[in-house]
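All remarks here apply to the structure that follows.
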Amino acid sequence: MQYDVIVIGSGPGGYVAAIRCAQLGLKTAVIEKYSTFGGTCLNVGCIPSKALLDTSEHYHNAAHSFATHGISLSNLKIDVKKMIERKDDVIAQNTAGITYLFKKNKIDSYEGVGSFVNKNTIKITKKDGATEELTTKNVIIATGSKPTALPFLPIDKQRIITSTEALNLSEVPKHLIVIGGGVIGLELGSVYARLGAKVSVIEYAKSIISTMDGGLGKELQRVLKKSLGMEFFLGHKVTGATAKGKKVTVTAEDSKGQAVSFEGDYCIVSVGRVAYTKDLGLENIGITPEERGNKIPVNDHLETAVEGIYAIGDVIKGAMLAHKAEDEGIYVAERIAGQKPHIDYNLIPGVVYTWPEVASVGQTEEQLKEAGKKYKSGSFSFKASGRAKASGDTDGFVKVLADAETDEVLGVHMIGPRAADMIAEAVVAMEYRASAEDIGRICHAHPTFTEALKEAALAATANRAIHA
Ligand SMILES: Cc1cc2nc3c(=O)[nH]c(=O)nc-3n(C[C@H](O)[C@H](O)[C@H](O)COP(=O)(O)OP(=O)(O)OC[C@H]3O[C@@H](n4cnc5c(N)ncnc54)[C@H](O)[C@@H]3O)c2cc1C
Ligand SMILES: NC(=O)c1ccc[n+]([C@@H]2O[C@H](COP(=O)([O-])OP(=O)(O)OC[C@H]3O[C@@H](n4cnc5c(N)ncnc54)[C@H](O)[C@@H]3O)[C@@H](O)[C@H]2O)c1
């Protein structure tokens, strides 16, 4: 079969690229090695983790917040099996949605491992070893990523686990040790802490979510300790872990170089992810992944050194986020169709789905300081928000950073209720190069959490927040 475009991998990068290619009239096929579409995000990432976060949030609220509303419950229990079944059902609904969209857009799909025979020929190796070859004018590599393992710390997938196994536990851990205080560690740590586990986070850096604006990590750590009893061991270098029966022992060096150890019943290793290029046959087309992170090198148009071969999503440089992969999928499809699309990488929002949620777009204070940029900063605390008082979600704040001379918004960083959804307003404003005053003058419905963004913008404009 001859195609205009073959997409290898059906995660958010690959499936979105394929749909956009088909919309643009290109004859398109997708090759996916697993039996369901959707990649990491739909099967073992974004969607299942959010399903468990929602269940655990309901449970935690029932256990700890309902009473303040005058709602009493007795005999509250969590049925872990049911929680996991519901999560699996949510995954199934989403992956079935991709099957439907492929059919609707007349995209051919093939199950098997895709590999390059040469730049125009892709071999599919099926589960039973049978092979088939397809020819194509263009290829989009969207093979994603896998969890990073520490070389000295073997993952047994039973007690020492990655995010994938943590989405399928059959019990609530008594003491869950999380190695890595990044997004995965904090989201999945929150799930089990809300269900009653003791959770200890061991983090190498001096703060959690250390790549985000500094104020966010500090506030998140404070709230997770206060509301969920999570413990944080920062500046700790993990040196090993062993599992024996139901017991896991993790050893580390603390910030003073002293040996310390932790005992628990499960340990999640969440120290980042590495690009996945195994079995792609890149050597057959002369592409060598970068040594650090195994990423496929691409130019500014996401094309590899081989003409007509593109790569997108987690397998290339940049943030490992589903929406970044999706935007790159659309970008490449439109380039192949001869259009001139654009992605502003400074405006890709980052979200952590803890409670409170954390969300960011644009530059952090640390980045602005390092660049020597003069900026103004305005913050507004949810303690002063009427909506937050009504729902009992008064932790957190919104911070707006604006150019000291032009007032253009340079970054927005928030931690608080529904921050994941609220950040979209900041992204839109920044896409249109709004000033802080522009946001401050826009009418925001009352009472909403979004008023906090307006107030922070007013504070940045001229220290003129109304409710602070
Ligand atoms: C627990 C967890 C939670 C996450 N939560 C979020 C979140 O809330 N928001 C967010 O933005 N991001 C989140 N992410 C990150 C997000 O999942 C990834 O950034 C995203 O899935 C990357 O998309 P992708 O298309 O590049 O690759 P992937 O989704 O990894 O898809 C790659 C696909 O390629 C297939 N493949 C690989 N090699 C071959 C081959 N040779 N032949 C055929 N098929 C192949 C794989 O089987 C896979 O299906 C999360 C990740 C994890 C692990
Ligand atoms: N909500 C979301 O958007 C979301 C959710 C989950 C995952 N993801 C994506 O998945 C990717 C992987 O997530 P992640 O949490 O594994 O990675 P991460 O990069 O977010 O965090 C890893 C953390 O581990 C720490 N670390 C590294 N080596 C260590 C060591 N030896 N000992 C102790 N700590 C160590 C790092 O300092 C870092 O804080 C991220 O790129 C993220 O963007 C996104």
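The values are calculated or read from the model by the stated rules, or taken from the named source; none is laboratory data. Since we're looking at a predicted model, the values are computed, not measured. Here the Cβ is made from the backbone with ideal geometry for all residues, glycine too, and neighbour counts use every protein chain on show.
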Hey, does segment 87-99 have a residue that's buried (at least 16 other Cβ atoms within 10 Å of the Cβ) and basic (Lys, Arg)? yes
Taking TYR110 as the residue in question, decide whether it is touching a residue at least 12 places away in the same chain (Cβ under 8 Å) and closer than 28 Å to ALA390 by Cβ. no
Run down ALA456, ALA445, ALA434, ALA419 and say which single residue is surrounded by fewer than 17 Cβ atoms within 10 Å (Cβ to Cβ), among the aliphatic types (A, V, I, L, M) and either farther than 23 Å from GLU187 by Cα or assigned by the TED database to the domain that holds GLY386 (or both). ALA445
Criterion violated by GLN367 - all others in (1) under 26 Å from TYR15 (Cβ atoms); (2) surrounded by fewer than 20 Cβ atoms within 10 Å (Cβ to Cβ) satisfied: (1)
Which ones in segment 288-298 are surrounded by fewer than 19 Cβ atoms within 10 Å (Cβ to Cβ) and either hydroxyl-bearing (Ser, Thr, Tyr) or under 20 Å from the mean Cα position of the chain (by Cα) (or both)? THR288, GLY293, ASN294
Failed item in (1) more than 24 Å from VAL315 (Cβ to Cβ); (2) buried (at least 20 other Cβ atoms within 10 Å of the Cβ); (3) within 16 Å of ligand 2 (Cβ to nearest atom), with GLY362 passing the rest: (3)
Total residues in segment 248-271, condition without any contact (Cβ under 8 Å) to a residue 40 or more places away in the chain and either within 11 Å of ILE160 (Cβ to Cβ) or in contact with a His (Cβ under 6 Å, 6 or more places away or on another chain) (or both): 2
Which of the residues belonging to segment 233-245 are out of contact with any strand residue (DSSP E or B) (no Cβ under 7 Å at 6 or more places or on another chain) and not in a strand (DSSP E or B)? LEU234, GLY235, GLY245
So LYS119 fits all but one of (1) in contact (Cβ under 8 Å) with a residue 60 or more places away in the chain; (2) in the same structural domain as ILE208 (by the TED database); what number is the exception? (2)
Which of the residues spanning segment 1-47 are farther than 17 Å from SER145 by Cα and among the hydroxyl-bearing types (Ser, Thr, Tyr)? TYR3, THR28, SER35
Grab the strands (runs of 3 or more DSSP E) fully contained in segment 107-215, keeping just those with 3 or more residues being closer than 23 Å to ILE296 by Cα and within 14 Å of ligand 1 (Cβ to nearest atom). 113-118, 121-125, 131-141, 145-147
Would you please name the residue that is surrounded by the fewest Cβ atoms within 10 Å (Cβ to Cβ), looking only at residues in segment 299-317 that are within 16 Å of ligand 2 (Cβ to nearest atom) and of a type outside the set (A, V, I, L, M)? LYS317
Being touching a strand residue (DSSP E or B) at 6+ places or on another chain (Cβ under 9 Å) and more than 8 Å from ligand 1 (Cβ to nearest atom) is the requirement here; does GLN2 meet it? yes
If I filter segment 329-359 down to residues being farther than 30 Å from LYS383 by Cα, within 16 Å of ligand 1 (Cβ to nearest atom) and touching a residue at least 24 places away in the same chain (Cβ under 8 Å), which single residue comes out as surrounded by the fewest Cβ atoms within 10 Å (Cβ to Cβ)? TYR345
